[in-house]
Amino acid sequence: MIVVTGGAGFIGANFVHQWLAAERDPVLVVDKLTYAGNLDNLSGLRGDPRFGFAQVDICDRAAVAGLLAARRPRALVHFAAESHVDRSISGPGEFIRTNINGTFELLEAARAHWSALDGGDRAAFRFLHVSTDEVYGSLGEADPAFSETTAYAPNSPYAASKAASDHLVRAYHHTYGLPTVTTNCSNNYGPYQFPEKLIPLMILNALEGKPLPVYGDGANVRDWLYVGDHCSAIRRTLGAGRLGETYNIGGKSEMRNLDVVHAICAVLDELRPRAKGRYADQIRFVTDRPGHDRRYAIDPRKIEGELDWRPAQTFEAGIRLTVQWYLDNTQWTERVRSGGYRDWIQANYGERLGEQARQ
Ligand code: NAD
Ligand code: DAU
């Protein structure tokens, strides 16, 4: 079986669904269930004998070690993290705790587990660390895309905490021989994404007639990948990635934020037209994110060439699937937008939109 940390979050849950549909091994999800963790994301799997769940904080080494000893996984896929850049700016402490200390505790538990395995089991064991392109910092308009050899230059507390976790994983391979593989992926979107992130926030705000808050001039560029394609890349890397290596994952789909928001509005205009006007009328330019990285872009040639991985979705198809999913799953969105979510929206956008309104 395999252990998936953070499997109740956005990408982790998509990964677990895809894994159980495509692979044989059972899955144990290990998740603390922070505000971003949601068992509704896994509710379709209740009753599946190959699915298990343990509510555990990855910082709790003894609890993780107990699970590894009891379940003897052949692999650990590590998604658990604090993941939202804006939250890392307003409160970095939790990012240091989970992303750095948590990864350290997990590595220690995994090292003890792996060291105690024998022969074939020891050779087959994998620790797959899921990371981000944000560790490479920000690109200028004409810079080449991030490759696996681009120097690390993280700019936000989130990116710095992920960079630190990547370095720890690298060191555990180099020093102890722990069989690790690291992936660095670009921006994901798709079903189950918590509506603090750009795409689901815009879809839900649009449907509620609220402002669509675009940071700065809206010309920051992100390289978008449909979440199912990230999951297929992780499965491929887990199966065939070379030990101690890192693989960049991306869909060669660079877009300016403003164009992403317009694309969402266009799909909504078609699928759920407003009574009057168009969704793009709701766009508002608001105060920028401090230290906002201008551009991310992934050079995926290594994973394409070595592991023969390609994304299945274009942005046009993926964004349509995503908008449709949010239209079809209003119960899910109602449930995630709890009191805590409303407090965050007020804290992050209250002043931004206030300032915008005064201009
Ligand atoms: P998410 O915030 O939706 O989910 C994170 C999950 O981790 C949640 O289920 C949460 O409960 C769990 N978690 C948090 N702290 C924990 C702890 N201390 N112990 C156990 N569980 C804990 O995040 P996501 O967007 O699904 O991202 C998953 C991973 O992929 C992260 O490591 C992130 O850095 C990486 N990543 C994300 C993107 C993206 O676009 N979202 C792109 C590249 C890489
Ligand atoms: O690149 C990979 C990273 O992508 C992941 O490691 C992170 O976990 C994930 O959150 C994401 O980070 P970003 O900061 O790029 O994603 P976010 O959805 O927060 O923002 C995308 C872009 O949209 C960014 O340039 C900021 C902008 N934005 C975001 C929000 C929430 C807005 O203009 N308005 C908004 O309200």
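Quick note: the coordinates plus some simple rules give every number you see, no bench work behind them. Values in this document were obtained by computation on a predicted structure and should not be read as measured data. Glycine also receives a Cβ, built like all others from the backbone with ideal geometry; neighbour counts cover every protein chain displayed.
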_Output the 0 to 90 degree angle, nearest 10, between the alpha-carbon long axis of helix 198-207 and the longest principal axis computed from the alpha carbons of the chain._
40 degrees
*Stretch gain in nm, segment ARG310-ASP217, where the contour uses 0.36 nm per residue and the Cα spacing is subtracted*: 30.3 nm
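Pull out the extension gain between ARG256 and GLU270, defined as 0.36 nm times the separation in residues minus the alpha carbon to alpha carbon distance; nm, one decimal.
Working: separation 14, 0.36 × 14 = 5.04 nm, distance 2.16 nm.
Between ARG256 and GLU270, full extension yields 2.9 nm more.
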*Rounded to the nearest 0.05, what FRET efficiency is calculated for ARG289 and LEU117 with R0 set to 56 Å and r the Cβ-Cβ distance?*
0.80
_Ranked list, fewest to most other Cβ atoms within 10 Å of each Cβ, for HIS78, HIS292, HIS113, HIS262_ = HIS292, HIS262, HIS113, HIS78
_For VAL29, what residues show an amide H to amide H distance below 5 Å, using hydrogens built from the backbone and excluding near sequence neighbours?_
VAL4, GLY52, PHE53, ALA54
*Compute the long axis of helix 339-358 from its Cα atoms, compare it with the longest principal axis of the Cα atoms of the chain, and write down the angle in degrees, 0 to 90, nearest 10.*
40 degrees
*In whole Hz, with x marking every Gly and Pro, tabulate ³J(HN,Hα) for the stretch 307-312 from phi via Karplus 6.51 cos²θ - 1.76 cosθ + 1.60, θ = phi - 60°.*
10, 6, 9, 9, x, 8
*asked:* Sort ASP281, ASP259 by Cβ crowding within 10 Å, fewest neighbours at the top.
replied: ASP281, ASP259
*Residues with amide H under 5 Å of PHE285's amide H, sequence separation 5 or more or different chain, H placed in the peptide plane at 1.01 Å from N; which?*
VAL214
_Whole angstrom only: what separates the Cα centroid of the stretch 67-125 from the Cα centroid of the stretch 294-328?_
26 Å
_Which one, LEU212, VAL56, TYR341, projects farthest toward the positive side of the charge dipole computed for the chain from Cβ point charges (K/R +1, D/E -1)?_
VAL56
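For each of ASP308, ASP293, ASP133, count neighbouring Cβ atoms within 10 Å of the residue's Cβ, then give the residues from fewest to most.
Values: ASP308 9, ASP293 21, ASP133 26.
Exposure proxy ranking, most exposed first: ASP308, ASP293, ASP133.
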*asked:* Just to be sure I understand: if I project the alpha-carbon convex hull of the chain onto a plane and average over all orientations, what area do I get in nm²?
replied: 17.6 nm²
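Can you tell me the relative contact order of the chain? Whole percent, Cα pairs under 8 Å, sequence separation 6 or more. Don't skip to the answer; put the middle values down first.
Numbers: 639 pairs, mean separation 61.3, N = 359.
That works out to 17 percent.
Just want to confirm a number: the relative contact order over the stretch 100-238, from Cα pairs under 8 angstrom separated by 6+ residues, in percent.
The normalised contact order for the stretch 100-238 reaches 26 percent.
Dipole of the chain, Cα-centred, from +1 at each Lys and Arg C-beta and -1 at each Asp and Glu C-beta, to the nearest 20 debye?
Details: 40 positive and 43 negative charges, 100 e Å.
The calculation lands at about 480 debye.
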*Under a 5 Å amide H to amide H cut-off, with H placed in plane at 1.01 Å, what residues pair with GLY244 once short-range neighbours are removed?*
THR180, VAL181
_Between the stretch 221-240 and the stretch 8-35, the alpha-carbon center distance in angstrom_ = 14 Å
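Output the direction-averaged projected area (hull surface divided by four) of the convex hull of the alpha-carbon atoms of the stretch 157-304, in nm².
Average of the hull's projected areas for the stretch 157-304 equals 10.1 nm².
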*So for the pair ALA70, GLN346, with labels modelled 7 Å out along Cα→Cβ, what separation do we get in nm?*
4.0 nm
*Could you pull out the longest piece of the chain with no exposed loop GluC sites (Glu not before Pro) in it, calling a site exposed if DSSP puts it outside H, G, I, E, B and it has at most 14 other Cβ atoms within 10 Å?*
209-359
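Give a quick list of trypsin sites (Lys or Arg not before Pro) in the stretch 154-244 that DSSP marks as loop, anything other than H, G, I, E or B, with at most 16 other Cβ atoms within 10 Å. Can you show the working numbers first?
Numbers: sites: LYS162, ARG170, LYS197, ARG222, ARG235, ARG236, ARG242; in loops: LYS197, ARG242.
Listed in order of number, the matching sites are ARG242.
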